[in-house]
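Undergrad: Shown below is the structure under consideration.
The values are calculated or read from the model by the stated rules, or taken from the named source; none is laboratory data. Being a predicted model, the structure only gives us computed values, none of them experimental. Reconstructed Cβ throughout: ideal geometry from the backbone, glycine too, with neighbour counts over all protein chains shown. These accessible areas exclude ligands, DNA and RNA; they are computed on the full protein's heavy atoms, side chains included. Shrake-Rupley method; radii C 1.70, N 1.55, O 1.52, S 1.80 Å.
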Amino acid sequence: MSQNEISNYVRTVEDVKKVIEHAKLSENDLKPNVQPIYFGEKFENYKLLQLDEHILSDLKCGQTVVFKGDHEESAVLCTKTKTYDVKEAETSNSILLLPELTFPDEDTNKTELTSRKVVGIFHTYFEVKPCKPRLKKLRKLLERSSYKGSELEKEVLASNEMYTFEHLSAKIQASDDQLKDALKEMGAFQIDGYWRVLEFEYECRALSFLLNLIDEQSWPYNTVPMDETLNILGELLPPVILHHIIDQYSTWCVSSNLSQTHRSLIEDKVCRFMAVGLLRPCDKFNLTDFKTAWQGCVPEGMTTNLKQLNGTVLVDQSSHPQTICYFNEQDLPDDIIDRFQYLFQVRSKWTFDEIQPFLEKLSTDKLNVNNLLAKYTRATNVDGVRFYCSRHNSK
(Lines give C-alpha, C1' and ligand atoms only; values in the text may rest on other atoms or scores of the structure.)
Protein backbone atom coordinates (compact mmCIF):
# COMPACT_ATOMS: atom_id res chain seq x y z
CA MET A 1 0.00 0.00 0.00
CA SER A 2 1.14 3.54 -0.74
CA GLN A 3 1.21 6.17 2.03
CA ASN A 4 -1.90 7.76 0.54
CA GLU A 5 -3.73 4.44 0.53
CA ILE A 6 -2.77 3.80 4.16
CA SER A 7 -4.07 7.21 5.25
CA ASN A 8 -7.37 6.60 3.42
CA TYR A 9 -7.79 3.03 4.59
CA VAL A 10 -11.08 2.27 6.37
CA ARG A 11 -11.77 -1.05 8.06
CA THR A 12 -14.71 -3.16 6.93
CA VAL A 13 -16.79 -5.71 8.80
CA GLU A 14 -14.74 -8.44 7.11
CA ASP A 15 -11.52 -6.84 8.41
CA VAL A 16 -12.90 -6.85 11.93
CA LYS A 17 -13.88 -10.50 11.69
CA LYS A 18 -10.37 -11.39 10.54
CA VAL A 19 -8.87 -9.58 13.52
CA ILE A 20 -11.22 -11.45 15.87
CA GLU A 21 -10.23 -14.73 14.23
CA HIS A 22 -6.49 -13.99 14.49
CA ALA A 23 -6.97 -13.08 18.15
CA LYS A 24 -8.65 -16.48 18.66
CA LEU A 25 -11.79 -14.87 20.03
CA SER A 26 -15.43 -15.77 19.41
CA GLU A 27 -17.80 -13.18 17.99
CA ASN A 28 -20.48 -14.49 20.34
CA ASP A 29 -18.40 -13.31 23.34
CA LEU A 30 -18.12 -9.75 22.02
CA LYS A 31 -20.53 -6.84 21.87
CA PRO A 32 -21.78 -6.05 18.35
CA ASN A 33 -20.82 -2.37 18.54
CA VAL A 34 -17.42 -2.00 16.80
CA GLN A 35 -15.57 1.32 16.80
CA PRO A 36 -12.42 1.41 14.65
CA ILE A 37 -10.07 4.09 15.95
CA TYR A 38 -8.17 6.48 13.69
CA PHE A 39 -5.72 9.24 14.52
CA GLY A 40 -6.68 12.74 13.45
CA GLU A 41 -4.41 14.87 11.33
CA LYS A 42 -3.83 17.26 14.22
CA PHE A 43 -4.52 17.19 17.95
CA GLU A 44 -6.38 19.82 19.91
CA ASN A 45 -4.67 21.55 22.83
CA TYR A 46 -6.63 19.87 25.62
CA LYS A 47 -5.58 19.26 29.23
CA LEU A 48 -6.82 16.33 31.30
CA LEU A 49 -8.11 17.07 34.81
CA GLN A 50 -8.87 14.44 37.42
CA LEU A 51 -12.16 14.97 39.25
CA ASP A 52 -13.35 13.66 42.60
CA GLU A 53 -17.00 13.01 43.39
CA HIS A 54 -17.47 16.45 44.96
CA ILE A 55 -16.18 18.37 41.93
CA LEU A 56 -18.07 16.14 39.50
CA SER A 57 -21.29 16.59 41.46
CA ASP A 58 -20.88 20.37 41.44
CA LEU A 59 -20.31 20.44 37.69
CA LYS A 60 -23.36 18.27 37.05
CA CYS A 61 -25.44 20.67 39.16
CA GLY A 62 -24.23 23.65 37.13
CA GLN A 63 -21.94 25.01 39.86
CA THR A 64 -18.85 27.04 38.93
CA VAL A 65 -15.38 25.54 39.27
CA VAL A 66 -12.51 28.04 39.13
CA PHE A 67 -8.73 27.90 38.84
CA LYS A 68 -7.05 30.54 41.04
CA GLY A 69 -3.51 31.80 41.40
CA ASP A 70 -1.20 34.65 40.38
CA HIS A 71 1.90 34.07 38.27
CA GLU A 72 4.08 33.48 41.34
CA GLU A 73 1.58 31.08 42.96
CA SER A 74 0.96 27.41 42.28
CA ALA A 75 -2.58 26.91 40.99
CA VAL A 76 -5.53 25.72 43.04
CA LEU A 77 -8.99 24.63 41.93
CA CYS A 78 -11.95 25.99 43.88
CA THR A 79 -15.54 24.86 44.06
CA LYS A 80 -18.09 26.82 46.08
CA THR A 81 -17.05 25.08 49.30
CA LYS A 82 -13.62 23.46 48.82
CA THR A 83 -10.09 24.21 47.64
CA TYR A 84 -7.87 21.71 45.82
CA ASP A 85 -4.15 21.71 45.16
CA VAL A 86 -3.42 21.09 41.47
CA LYS A 87 -0.32 19.12 40.43
CA GLU A 88 0.74 17.69 37.09
CA ALA A 89 1.13 13.90 37.22
CA GLU A 90 2.66 11.51 34.68
CA THR A 91 1.22 8.23 33.46
CA SER A 92 3.26 5.38 31.97
CA ASN A 93 0.45 4.54 29.56
CA SER A 94 -0.73 6.78 26.75
CA ILE A 95 -4.22 8.18 27.28
CA LEU A 96 -6.24 8.62 24.08
CA LEU A 97 -9.04 11.15 23.92
CA LEU A 98 -12.02 10.13 21.77
CA PRO A 99 -14.92 12.54 22.34
CA GLU A 100 -17.64 10.42 20.68
CA LEU A 101 -16.72 6.98 21.96
CA THR A 102 -19.89 5.12 22.95
CA PHE A 103 -20.84 2.07 24.94
CA PRO A 104 -22.60 -0.74 23.06
CA ASP A 105 -26.37 -1.01 22.95
CA GLU A 106 -27.32 -4.14 24.84
CA ASP A 107 -30.34 -4.70 22.58
CA THR A 108 -28.44 -4.57 19.29
CA ASN A 109 -27.45 -7.87 17.70
CA LYS A 110 -26.32 -6.45 14.38
CA THR A 111 -22.63 -5.71 13.99
CA GLU A 112 -22.16 -1.98 13.50
CA LEU A 113 -18.97 -0.16 12.53
CA THR A 114 -18.64 3.43 13.69
CA SER A 115 -15.31 5.18 13.10
CA ARG A 116 -13.89 7.24 15.95
CA LYS A 117 -11.13 9.82 15.72
CA VAL A 118 -8.43 10.37 18.35
CA VAL A 119 -8.13 14.11 19.07
CA GLY A 120 -5.43 13.91 21.71
CA ILE A 121 -2.71 11.72 23.19
CA PHE A 122 -1.67 12.38 26.79
CA HIS A 123 1.15 11.24 29.03
CA THR A 124 0.31 13.71 31.83
CA TYR A 125 -2.80 14.93 33.59
CA PHE A 126 -3.65 17.30 36.42
CA GLU A 127 -4.54 15.63 39.69
CA VAL A 128 -6.34 17.45 42.47
CA LYS A 129 -6.06 16.96 46.21
CA PRO A 130 -8.10 18.78 48.88
CA CYS A 131 -5.99 21.41 50.61
CA LYS A 132 -6.38 24.23 53.09
CA PRO A 133 -7.34 27.62 51.65
CA ARG A 134 -4.37 29.94 51.23
CA LEU A 135 -5.38 32.98 53.20
CA LYS A 136 -2.11 34.72 54.04
CA LYS A 137 -2.62 37.21 51.20
CA LEU A 138 -6.11 38.09 52.45
CA ARG A 139 -4.89 39.76 55.63
CA LYS A 140 -2.11 41.60 53.75
CA LEU A 141 -4.57 42.99 51.21
CA LEU A 142 -7.06 44.16 53.81
CA GLU A 143 -4.42 45.66 56.10
CA ARG A 144 -3.40 48.02 53.29
CA SER A 145 -6.78 49.71 53.63
CA SER A 146 -7.35 49.18 57.35
CA TYR A 147 -9.73 51.62 58.99
CA LYS A 148 -7.79 54.14 61.11
CA GLY A 149 -10.51 56.69 61.71
CA SER A 150 -12.87 58.83 59.66
CA GLU A 151 -10.30 61.64 59.45
CA LEU A 152 -7.95 59.36 57.45
CA GLU A 153 -10.52 57.87 55.06
CA LYS A 154 -9.72 60.27 52.21
CA GLU A 155 -6.16 58.98 52.17
CA VAL A 156 -7.36 55.36 52.06
CA LEU A 157 -9.87 56.09 49.28
CA ALA A 158 -7.14 57.75 47.22
CA SER A 159 -4.97 54.63 47.44
CA ASN A 160 -7.44 52.55 45.36
CA GLU A 161 -6.51 49.52 47.44
CA MET A 162 -9.95 48.46 48.60
CA TYR A 163 -11.70 45.26 47.63
CA THR A 164 -15.23 44.01 47.15
CA PHE A 165 -15.98 40.33 47.76
CA GLU A 166 -15.73 39.67 44.03
CA HIS A 167 -12.26 41.27 43.94
CA LEU A 168 -11.10 39.19 46.89
CA SER A 169 -12.57 35.99 45.44
CA ALA A 170 -10.53 36.51 42.27
CA LYS A 171 -7.30 37.09 44.20
CA ILE A 172 -7.51 34.72 47.16
CA GLN A 173 -6.91 30.99 46.70
CA ALA A 174 -9.97 29.83 48.59
CA SER A 175 -13.53 28.78 47.84
CA ASP A 176 -16.20 31.45 48.32
CA ASP A 177 -17.52 29.71 51.44
CA GLN A 178 -14.00 29.46 52.91
CA LEU A 179 -13.37 33.11 52.06
CA LYS A 180 -16.55 34.17 53.85
CA ASP A 181 -15.51 32.16 56.92
CA ALA A 182 -12.03 33.72 56.86
CA LEU A 183 -13.43 37.25 56.64
CA LYS A 184 -15.67 36.54 59.62
CA GLU A 185 -12.84 34.99 61.65
CA MET A 186 -10.50 37.92 61.08
CA GLY A 187 -13.20 40.42 62.06
CA ALA A 188 -13.60 42.04 58.64
CA PHE A 189 -16.63 44.19 57.85
CA GLN A 190 -18.03 46.19 54.94
CA ILE A 191 -18.07 49.91 54.31
CA ASP A 192 -19.86 50.92 51.09
CA GLY A 193 -19.45 47.41 49.70
CA TYR A 194 -15.69 47.19 50.40
CA TRP A 195 -14.24 44.77 52.93
CA ARG A 196 -12.15 46.38 55.66
CA VAL A 197 -10.41 45.54 58.92
CA LEU A 198 -9.75 47.84 61.83
CA GLU A 199 -6.20 48.99 62.49
CA PHE A 200 -5.19 47.42 65.81
CA GLU A 201 -4.62 50.72 67.63
CA TYR A 202 -7.96 52.06 66.42
CA GLU A 203 -9.73 48.85 67.48
CA CYS A 204 -8.14 49.21 70.93
CA ARG A 205 -9.53 52.72 71.18
CA ALA A 206 -12.99 51.75 69.94
CA LEU A 207 -13.28 48.76 72.28
CA SER A 208 -12.01 50.82 75.22
CA PHE A 209 -14.91 53.26 74.68
CA LEU A 210 -17.33 50.36 75.13
CA LEU A 211 -15.53 48.86 78.13
CA ASN A 212 -15.12 52.25 79.85
CA LEU A 213 -18.81 52.98 79.38
CA ILE A 214 -19.77 49.66 80.97
CA ASP A 215 -17.44 50.42 83.88
CA GLU A 216 -18.69 54.00 84.34
CA GLN A 217 -22.33 52.90 84.30
CA SER A 218 -21.62 49.89 86.57
CA TRP A 219 -23.41 47.60 84.13
CA PRO A 220 -22.79 43.85 84.45
CA TYR A 221 -20.76 42.83 81.39
CA ASN A 222 -23.36 40.20 80.53
CA THR A 223 -26.39 42.57 80.50
CA VAL A 224 -25.41 45.71 78.57
CA PRO A 225 -28.42 47.86 77.49
CA MET A 226 -28.12 48.55 73.77
CA ASP A 227 -30.25 51.68 73.42
CA GLU A 228 -28.19 53.60 75.98
CA THR A 229 -24.93 52.23 74.60
CA LEU A 230 -25.74 53.28 71.04
CA ASN A 231 -26.91 56.72 72.12
CA ILE A 232 -23.81 57.48 74.20
CA LEU A 233 -21.13 55.91 71.98
CA GLY A 234 -22.80 57.20 68.81
CA GLU A 235 -21.19 60.55 69.61
CA LEU A 236 -17.72 58.99 69.70
CA LEU A 237 -17.72 56.44 66.89
CA PRO A 238 -19.16 56.28 63.34
CA PRO A 239 -22.29 54.07 63.27
CA VAL A 240 -20.71 51.35 61.09
CA ILE A 241 -17.73 51.05 63.44
CA LEU A 242 -19.85 51.10 66.59
CA HIS A 243 -22.13 48.33 65.31
CA HIS A 244 -19.10 46.32 64.18
CA ILE A 245 -17.43 46.53 67.62
CA ILE A 246 -20.68 45.52 69.31
CA ASP A 247 -21.20 42.59 66.89
CA GLN A 248 -17.60 41.44 67.29
CA TYR A 249 -17.42 41.44 71.06
CA SER A 250 -20.95 40.71 72.25
CA THR A 251 -24.03 38.58 71.65
CA TRP A 252 -27.67 39.10 72.46
CA CYS A 253 -28.61 37.94 75.94
CA VAL A 254 -30.19 34.50 76.09
CA SER A 255 -32.76 35.53 78.70
CA SER A 256 -36.11 35.88 76.93
CA ASN A 257 -36.99 39.20 78.56
CA LEU A 258 -33.60 40.72 77.60
CA SER A 259 -32.94 39.02 74.24
CA GLN A 260 -33.93 42.08 72.18
CA THR A 261 -32.67 44.89 74.42
CA HIS A 262 -29.44 43.77 76.12
CA ARG A 263 -26.22 42.15 74.97
CA SER A 264 -23.52 40.15 76.75
CA LEU A 265 -19.82 40.66 76.14
CA ILE A 266 -18.02 37.55 74.85
CA GLU A 267 -15.63 36.86 77.71
CA ASP A 268 -12.97 34.88 75.83
CA LYS A 269 -12.84 37.39 72.95
CA VAL A 270 -12.53 40.43 75.18
CA CYS A 271 -9.89 38.79 77.39
CA ARG A 272 -7.90 37.66 74.37
CA PHE A 273 -7.90 41.11 72.77
CA MET A 274 -6.86 42.84 75.98
CA ALA A 275 -4.00 40.36 76.42
CA VAL A 276 -2.75 41.03 72.89
CA GLY A 277 -2.88 44.74 73.62
CA LEU A 278 -0.57 44.22 76.61
CA LEU A 279 1.85 41.87 74.85
CA ARG A 280 2.28 43.35 71.36
CA PRO A 281 4.47 46.30 72.42
CA CYS A 282 6.80 44.07 74.50
CA ASP A 283 9.49 41.57 73.63
CA LYS A 284 8.75 39.51 76.74
CA PHE A 285 6.63 39.95 79.83
CA ASN A 286 7.13 38.50 83.29
CA LEU A 287 4.36 35.88 83.43
CA THR A 288 3.24 36.69 86.99
CA ASP A 289 3.18 40.43 86.31
CA PHE A 290 1.33 39.85 83.06
CA LYS A 291 -1.41 37.78 84.72
CA THR A 292 -1.95 40.53 87.28
CA ALA A 293 -2.05 43.31 84.68
CA TRP A 294 -4.26 41.27 82.36
CA GLN A 295 -6.87 40.51 85.02
CA GLY A 296 -6.87 44.16 86.01
CA CYS A 297 -7.76 45.48 82.54
CA VAL A 298 -10.79 43.29 81.76
CA PRO A 299 -14.33 44.14 82.90
CA GLU A 300 -15.32 43.23 86.44
CA GLY A 301 -16.70 39.71 86.63
CA MET A 302 -14.57 38.32 83.79
CA THR A 303 -11.92 35.69 84.55
CA THR A 304 -8.73 35.53 82.52
CA ASN A 305 -7.18 32.16 81.65
CA LEU A 306 -4.09 31.34 79.59
CA LYS A 307 -6.17 28.87 77.54
CA GLN A 308 -7.92 31.92 76.06
CA LEU A 309 -4.59 32.75 74.40
CA ASN A 310 -3.95 29.46 72.60
CA GLY A 311 -2.30 30.18 69.28
CA THR A 312 -1.46 33.74 70.29
CA VAL A 313 1.35 33.51 72.86
CA LEU A 314 4.39 31.52 73.90
CA VAL A 315 4.99 30.82 77.57
CA ASP A 316 8.56 30.01 78.63
CA GLN A 317 8.26 27.92 81.78
CA SER A 318 11.98 27.05 81.80
CA SER A 319 13.14 30.63 82.35
CA HIS A 320 13.43 32.21 85.79
CA PRO A 321 11.17 34.03 86.21
CA GLN A 322 8.74 32.50 83.72
CA THR A 323 7.92 34.75 80.75
CA ILE A 324 5.22 35.18 78.12
CA CYS A 325 5.42 36.79 74.67
CA TYR A 326 3.16 37.53 71.71
CA PHE A 327 3.40 34.78 69.06
CA ASN A 328 0.46 34.71 66.66
CA GLU A 329 -0.37 31.58 64.64
CA GLN A 330 -1.63 33.81 61.83
CA ASP A 331 1.90 35.09 61.24
CA LEU A 332 3.36 31.61 60.66
CA PRO A 333 4.01 30.08 57.19
CA ASP A 334 1.08 28.26 55.60
CA ASP A 335 3.26 25.49 54.20
CA ILE A 336 3.51 22.68 56.76
CA ILE A 337 7.23 22.02 56.25
CA ASP A 338 8.08 25.72 56.44
CA ARG A 339 5.95 26.04 59.56
CA PHE A 340 7.73 23.21 61.36
CA GLN A 341 11.08 24.66 60.35
CA TYR A 342 10.10 28.05 61.74
CA LEU A 343 8.72 26.58 64.97
CA PHE A 344 11.91 24.65 65.63
CA GLN A 345 13.98 27.77 64.98
CA VAL A 346 11.99 29.52 67.70
CA ARG A 347 12.15 26.60 70.12
CA SER A 348 14.15 23.38 69.71
CA LYS A 349 11.62 21.17 71.49
CA TRP A 350 7.91 21.41 72.22
CA THR A 351 5.40 19.53 74.32
CA PHE A 352 2.16 18.53 72.64
CA ASP A 353 0.14 21.18 74.49
CA GLU A 354 2.63 23.88 73.47
CA ILE A 355 2.77 23.08 69.75
CA GLN A 356 -0.81 21.91 69.16
CA PRO A 357 -2.37 25.41 68.85
CA PHE A 358 0.10 26.27 66.09
CA LEU A 359 -0.69 23.16 64.02
CA GLU A 360 -4.43 22.72 64.51
CA LYS A 361 -5.45 24.84 61.50
CA LEU A 362 -3.19 22.81 59.20
CA SER A 363 -4.71 19.48 60.24
CA THR A 364 -7.19 17.67 58.00
CA ASP A 365 -9.66 14.81 58.29
CA LYS A 366 -6.89 12.41 57.28
CA LEU A 367 -4.00 14.13 59.08
CA ASN A 368 -4.76 15.34 62.60
CA VAL A 369 -2.16 17.04 64.79
CA ASN A 370 -0.83 13.71 66.10
CA ASN A 371 -0.39 12.47 62.53
CA LEU A 372 1.44 15.65 61.54
CA LEU A 373 3.79 15.31 64.51
CA ALA A 374 4.47 11.66 63.70
CA LYS A 375 5.21 12.54 60.07
CA TYR A 376 7.34 15.65 60.48
CA THR A 377 8.96 15.49 63.94
CA ARG A 378 10.98 13.24 66.19
CA ALA A 379 9.59 12.43 69.65
CA THR A 380 11.79 12.13 72.74
CA ASN A 381 11.09 11.64 76.44
CA VAL A 382 12.85 13.79 79.02
CA ASP A 383 12.15 13.01 82.69
CA GLY A 384 8.84 11.44 81.71
CA VAL A 385 7.75 14.39 79.57
CA ARG A 386 7.23 13.81 75.83
CA PHE A 387 8.84 16.43 73.58
CA TYR A 388 8.76 16.89 69.81
CA CYS A 389 11.94 17.94 68.01
CA SER A 390 13.04 18.52 64.43
CA ARG A 391 13.82 15.38 62.43
CA HIS A 392 16.93 17.13 61.17
CA ASN A 393 19.62 18.57 63.40
CA SER A 394 20.05 22.29 62.88
CA LYS A 395 23.42 23.35 61.51
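Undergrad: List the relative contact order of segment 70-224 as a percent without decimals, with contacts defined as Cα pairs under 8 Å and 6+ residues apart.
TA: Over segment 70-224, the number comes to 25 percent.
Undergrad: Shifting gears a bit: Below 8 Å, C-alpha to C-alpha, sequence gap of six or more: please give me the relative contact order for segment 255-395 in percent.
TA: 18 percent
Undergrad: How large is the charge dipole for the chain, taken about the Cα centre, if only the Cβ atoms of Lys, Arg (+1) and Asp, Glu (-1) carry charge, to the nearest 20 debye?
TA: Dipole magnitude for the chain comes out near 1100 debye.
Undergrad: Longer than 18 Å from Cα to Cα, which of Lys18/Lys42; Lys47/Lys132; Lys82/Lys180; Lys171/Lys366 are they? Say none if no pair is.
TA: Check vs 18 Å cut-off fails for Lys18/Lys42; Lys47/Lys132; Lys171/Lys366.
Undergrad: What is the packing order of peptides 380-389, 228-237, taking the mean over residues of other C-beta atoms within 10 Å and listing the highest first?
TA: 228-237, 380-389
Undergrad: Roughly how many percent of the accessible protein surface of segment 170-307 is carbon and sulfur, given a 1.4 Å probe and a whole-percent answer?
TA: Looking at segment 170-307 in its full context, I get 49 percent from C and S.
Undergrad: A further question follows. Of (1) 94, 50, 46; (2) 100, 57, 46; (3) 67, 51, 31, which one was derived for Cα extents along the principal axes in Å from the structure shown?
TA: Answer label, from the structure shown: (2).
Undergrad: Per residue, how much accessible area does the chain show when a 1.4 Å probe rolls over the protein heavy atoms, in square angstrom?
TA: Spelled out: the 1.4 Å probe surface of the chain, per residue, equals 63 Å².
Undergrad: I'd like to know which of Gly234, Ser218, Pro281 lies farthest towards the positive end of the charge dipole of segment 214-282, counting +1 on Cβ of Lys and Arg and -1 on Cβ of Asp and Glu.
TA: In segment 214-282, that residue is Pro281.
Undergrad: Sticking with this one: Which aspartates and glutamates, on any chain, are close to Lys291 with Cα under 18 Å apart, when same-chain ones fewer than 8 places away are left out?
TA: Within the straight-line limit of under 18 Å, Lys291 reaches these aspartates and glutamates: Glu267, Asp268, Asp283, Glu300, Asp316.
Undergrad: As an exercise, use a Förster radius of 41 Å and the Cβ-Cβ distance of Thr380 and Glu127 to find the FRET efficiency, rounded to the nearest 0.05.
TA: 0.65
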